[in-house]
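What follows is a single structure, written as structure tokens, with notes after it.
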Amino acid sequence: MLDVVQISYYESYADDNFETLQFYAPLAKQVKGVKGIFEAHKAAAELAETSHFYVIDADAIMEEEFSFKFRPLSTRDQWPGVPETDCVYVWRSRNPVNDLLYGYGGAKLFPRKKLLEADDWQVDMTTTIGCPFVPKFQVSNVTAFNTDPFNAWRSAFRECTKLASAIIPNGDNTDNEYRLKVWQTKGADRENGKYAVQGAQQGADFGRAYRNNIKTLSLINDFEWLEQTFKEAG
């Protein structure tokens, strides 16, 4: 079995979700408190010992039907001339606020060596470290980001900035527009849903306003800036 690593950054629920994760991956490992998304994933790659490794976010609650059995093969092509072992794979997750099902918050599988060698990335790390991106259609988990007002707002703001700015390479604009609309209009009656909807609307505005400014868009990966922006948003 490939290594499984949970990445957390002081989330209060991380250890509880890690205990659940261990039912599916008894030898799962943790990276805790590493500042920076890229830096945390690098730390996960350093901790992993297998050629590829799964990354699970702290807010992920695993689906009973999911398993970590998929293992890419160098002898099998994902596309002509592109072996499976060169790719990053992302599974779907279930959004508890608006019921969307897609790769946001889902399990990810990285090639360890390529991630360790990566020295640059753009706003969305998973799709910009130089590896072909492959969506998987099984649902791996619920991404329970709505545990409190700030996390609900922050998660929605970050995702809708990406969707509205079309920053993800080779993204499907039709799918993105649909998802963006759902984020901004559905789920206000769910737990902390009104904060998610507010964050989605403000993130969409931010993404459109700065879609050609990578430096400013990258602020969505600065959690201190996000916390200050949330407080100012009221």
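Couple of notes before you dig in:
- Test result for residue 218, within 15 Å of residue 98 (Cα to Cα) and either hydroxyl-bearing (Ser, Thr, Tyr) or part of a helix (DSSP H, G or I) (or both): no
- Any pair with Cβ under 6 angstrom, 6 or more apart, that starts in segment 181-195 at a residue that is in contact (Cβ under 8 Å) with a residue 60 or more places away in the chain and ends at one that is of a type outside the set (Gly, Ala, Ser) and outside any loop (DSSP other than H, G, I, E, B): 183/160; 192/149
- Answer residue from segment 53-84, given it is without any contact (Cβ under 8 Å) to a residue 12 or more places away in the chain and in contact with a strand residue (DSSP E or B) (Cβ under 9 Å, 6 or more places away or on another chain) and is surrounded by the most Cβ atoms within 10 Å (Cβ to Cβ) among those: 83
- Qualifying residue in segment 56-71 (condition: more than 13 Å from residue 108 (Cα to Cα), among the polar types (S, T, N, Q) and at pLDDT 95 or above): no
- Of all the criteria given as (1) more than 14 Å from the chain's Cα centre (by Cα); (2) more than 30 Å from residue 84 (Cα to Cα), the one not satisfied by residue 145 is (1).
- Segment 181-215 - residue that is touching an Asp or Glu at 6+ places or on another chain (Cβ under 9 Å) and assigned to a helix (DSSP H, G or I) and, of those, farthest from residue 230 (Cα to Cα): 182
- Residues that are in a strand (DSSP E or B), polar (S, T, N, Q) and surrounded by fewer than 19 Cβ atoms within 10 Å (Cβ to Cβ), drawn from segment 128-156: 138
- Residue match in segment 105-118 (condition: under 15 Å from the mean Cα position of the chain (by Cα), modelled with pLDDT under 95, closer than 18 Å to residue 38 by Cβ and assigned to a loop (DSSP other than H, G, I, E, B)): no
- Residue list for segment 157-180, filter: β-branched (Val, Ile, Thr), under 16 Å from the mean Cα position of the chain (by Cα) and assigned to a helix (DSSP H, G or I): 161
- Summed over segment 35-52, the residues that are touching a strand residue (DSSP E or B) at 6+ places or on another chain (Cβ under 8 Å) and closer than 24 Å to residue 147 by Cα give a count of 2.
- The number of residues in segment 202-234 that are within 19 Å of the chain's Cα centre (by Cα), in contact (Cβ under 8 Å) with a residue 24 or more places away in the chain and surrounded by fewer than 19 Cβ atoms within 10 Å (Cβ to Cβ) comes to 5.
The values are calculated or read from the model by the stated rules, or taken from the named source; none is laboratory data. Keep in mind that what you see is a predicted model, and the values were worked out from it rather than measured. Every residue, glycine among them, receives a Cβ derived from its backbone with ideal geometry; neighbour counts consider all protein chains shown.
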